[in-house]
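One structure is given below, encoded as structure tokens.
Just so it is clear, none of the values below were taken in a lab; they were calculated from the coordinates. The shown structure was predicted, so the numbers you read here are calculated from the model rather than taken from an experiment. Cβ: placed from backbone, ideal geometry, glycine included. Neighbour counts: every protein chain shown.
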Amino acid sequence: MNRVAVLGARGRMGVASVRAIEASSDLTVVAEIDVDDDIQDIVDKKADIVLVFSPPGAAHEQVQWCIKQGIHVVVGSSGFDEQSVEDIRAALVDHPDVSVFVVPNFSVSAVLMTKFATKAAPYYESVEIIEIHHPGKVDAPSGTAQHTAELIGLARAKAGCAPSPDATTRDPHGTRGGQIEGVSVHAVRVRGFMSSQEVLLGVEGEILRLRYDSVTRESLMPGVLTSLRAVPNLTGVTVGLDAVLDLD
Ligand SMILES: NC(=O)C1=CN([C@@H]2O[C@H](COP(=O)(O)OP(=O)(O)OC[C@H]3O[C@@H](n4cnc5c(N)ncnc54)[C@H](OP(=O)(O)O)[C@@H]3O)[C@@H](O)[C@H]2O)C=CC1
Ligand SMILES: O=C(O)C1=N[C@H](C(=O)O)C[C@H](O)C1
């Protein structure tokens, strides 16, 4: 029975994850840590794995702390870009028996959409990302959009693609979105949505629209449980749920 500690345990994802873990037959929650709780409880309760759903501002330092305690980590929190992964990789040098699994999105639909968009991106002149979330989300763009843009940017650079055309010279309100690896990313916050993302790819006379919609947090729980079961058998730092799914 793997012993799991949850960081951000009383948040939207923490509550759903504790419920899903407790309903499983092979995982159990031994520590629920939220704001003002003592993170040392993770060690005192002898957790094997820490599931991190604390806000991005706290998560980075907490992941480093868990590594130093010799505990495997599944990182659900967003805000972990390429530099964050390099920081984790550097910390793991002194802890070769610890693995960290950074999962920008636990939804298989999101993972497939990102994979398809990365594959398609070099074939289109224009590529832009629109991410849509609930208005309770504190960070923008989403970690999923950041990860998707990084993969698309890398694929397009490898293929020698020119930048997407854009004649904008006047945008006083910053409506063209943010730029990540040459990809324009637009963050939308609307009540009624949980987590959606659309990638628009276009050439003259033809458009490809790839989209996923996660409607409930419960739909993410199979991905959470899969990640918790996988992390003890991984080495170093791994990024993306697709690393433990047979999607090729
Ligand atoms: N990978 C994925 O598929 C998904 C990732 N996420 C990401 O997970 C993170 C959490 O999302 P969500 O659950 O919606 O956010 P919430 O704000 O609902 O949950 C975060 C929880 O962490 C608490 N908290 C604040 N500071 C600390 C701290 N220092 N240590 C421990 N807990 C703390 C918060 O308390 P308080 O409210 O009092 O500040 C809150 O209870 C976000 O980064 C989000 O982007 C979300 C959904 C899916
Ligand atoms: O805050 C959320 O809700 C989500 N955050 C993650 C992200 O930033 O990509 C994953 C998912 O989109 C839900």
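Relative to the longest principal axis of the chain, what angle (0 to 90°, nearest 10) does the C-alpha long axis of helix 221-230 take? Helix 221-230 sits at roughly 60 degrees to that axis. For the chain, the percent of C-alpha pairs falling in each 5 Å distance bin, counted from 0 to the bin holding the largest distance, reads 1, 6, 13, 17, 18, 16, 12, 8, 5, 3, 1, 0, 0.
Averaging Cα coordinates gives a centre for the stretch 192-248 and one for the stretch 48-70; these two points are 21 Å apart.
For the stretch 85-211, the share of DSSP beta bridges that are antiparallel, to the nearest 5, is 75%. Available extension along the chain between Asp41 and Ala58 is 4.4 nm, counting 0.36 nm per residue and deducting the alpha carbon span. Our coupling estimate for the stretch 23-33, obtained by passing each phi through the Karplus curve with A = 6.51, B = -1.76, C = 1.60 and θ = phi - 60°, is 7, 7, 9, 10, 10, 9, 8, 10, 8, 10, 10 Hz, Gly and Pro reported as x. Compared with the dominant Cα axis of the chain, that is its longest principal axis, helix 56-68 is turned about 50°. Label separation (Ser126 vs Asp139): 3.0 nm, computed from points 7 Å beyond Cα along the C-beta direction.
Sorting the segments 47-55, 122-130, 32-40 by their residues' average number of neighbouring beta-carbon atoms within 10 angstrom, most packed first, yields 47-55, 122-130, 32-40.
Dividing the Cα convex hull volume of the stretch 108-214 by residue count, how many Å³ per residue is that? Write out the running numbers ahead of the final one.
Working: hull volume 11.3 nm³, N = 107.
In the stretch 108-214, the Cα convex hull volume per residue is 106 Å³.
For the pair Asp34 and Thr175, the difference between a 0.36 nm per residue extended length and the Cα-Cα distance amounts to 47.2 nm. Taken over the chain, lysine pairs spaced eight or more positions apart, or on distinct chains, with alpha carbons under 18 Å apart number 4. Counting only DSSP beta bridges with both residues in the chain, the antiparallel share comes to about 45 percent. Against the main long axis of the alpha-carbon atoms of the chain, helix 82-92 sits at an angle near 30°. Evaluating 6.51 cos²θ - 1.76 cosθ + 1.60 at θ = phi - 60° for every residue in the stretch 37-51, the Karplus couplings come out as 7, 8, 4, 4, 4, 4, 6, 4, 8, 6, 5, 8, 9, 10, 9 Hz, glycine and proline recorded as x.
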